[in-house]
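K.L.:
Could you have a look at this structure, given as structure tokens, before my questions?
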Amino acid sequence: MASSYRRRYYKRRKSNGGDGAVGLVIFLVVVAYAYRIDLNSALNYVLLIFIVVATIVLAIMTWRWWRARQHHLLITNLEEEVDGMTGLEFEKFVADLLRRQGYTRVKITETYDLGIDIIAYKDGVRWGVQAKRYSGMVKAAAVRQVVTALKYEKYKCDRAMVVTNSYYSRSGKELAKSNDCILIDRDTLATWIA
């Protein structure tokens, strides 16, 4: 009950956009009176301010449209490029992206890994990376696998990362946070591809 009232109240408050315009007109009238500006000069100032504000609003709207368009193109590229890959193709793809992100000595582990698909170095840190090409939600098990395999004598990694073309469940995010594991989801992966 209370939440529906808040939503209705918020919508009413949000839709009332004339407050700023009325305040601006009152402010301009007070300034014109205080400086003894005649009506023609005041109208010129109002017109100038309107043009400046309209230009700023138009620039912001254009910038937001451009960002939304770029995000859409990135997601479209991701769908075309990545979603149809096999698991091994995705691992190779992620290894290449890691190189482009500044990681060095990037190496794909053997076919039957224990939770770490790729080992890479950056800034003196040895990373164990698991690549998960999923169509559904990536759960905590993927995070658990990579975190558990970090100290295995074959890998001896310092930090963990899971890279997916999908998104992570809440429990996966919580487990990653408590184990200092980096999660790269679909949105971040799209920016890596760009």
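K.L.:
Name, by its number, the condition in (1) without any contact (Cβ under 8 Å) to a residue 12 or more places away in the chain; (2) assigned to a loop (DSSP other than H, G, I, E, B); (3) among the charged types (D, E, K, R) that does not hold for K154.
P.N.:
Here K154 meets the rest and fails (1).
K.L.:
Does V143 meet the test of being aliphatic (A, V, I, L, M) and surrounded by fewer than 20 Cβ atoms within 10 Å (Cβ to Cβ)? Show your work before the answer.
P.N.:
On the way: aliphatic (A, V, I, L, M): yes; surrounded by fewer than 20 Cβ atoms within 10 Å (Cβ to Cβ): no.
Considered against the rule, which asks whether it is aliphatic (A, V, I, L, M) and surrounded by fewer than 20 Cβ atoms within 10 Å (Cβ to Cβ), V143 comes out as no.
K.L.:
Open to solvent by less than 50 Å² (accessible area, probe 1.4 Å), more than 22 Å from R105 (Cβ to Cβ) and touching a residue at least 12 places away in the same chain (Cβ under 8 Å), is that true of G136?
P.N.:
Considered against the rule, which asks whether it is open to solvent by less than 50 Å² (accessible area, probe 1.4 Å), more than 22 Å from R105 (Cβ to Cβ) and touching a residue at least 12 places away in the same chain (Cβ under 8 Å), G136 comes out as yes.
K.L.:
Another question, if that's okay. When you scan region 165-176, do you find a residue that is aliphatic (A, V, I, L, M), farther than 14 Å from L189 by Cβ, open to solvent by 30 Å² or more (accessible area, probe 1.4 Å) and outside any helix (DSSP H, G or I), even just one? Break it down stepwise before answering.
P.N.:
Filtering region 165-176 for residues aliphatic (A, V, I, L, M) gives 175-176.
Then keep just the ones that are farther than 14 Å from L189 by Cβ; that gives 175-176.
From what is left, the residues that are open to solvent by 30 Å² or more (accessible area, probe 1.4 Å) are 175.
Filter once more, so that each one left must be outside any helix (DSSP H, G or I): none.
For region 165-176, residues aliphatic (A, V, I, L, M), farther than 14 Å from L189 by Cβ, open to solvent by 30 Å² or more (accessible area, probe 1.4 Å) and outside any helix (DSSP H, G or I): absent.
The values are calculated or read from the model by the stated rules, or taken from the named source; none is laboratory data. Predicted, not measured: the structure shown is a model, and the values here were computed from it. Using ideal geometry, Cβ is built from the backbone for each residue, glycine included, and neighbour counts are taken over all protein chains shown. The protein model used for the area step is the full one, side chains on, heavy atoms only, and it has no ligands, DNA or RNA in it. Shrake-Rupley method; radii C 1.70, N 1.55, O 1.52, S 1.80 Å.
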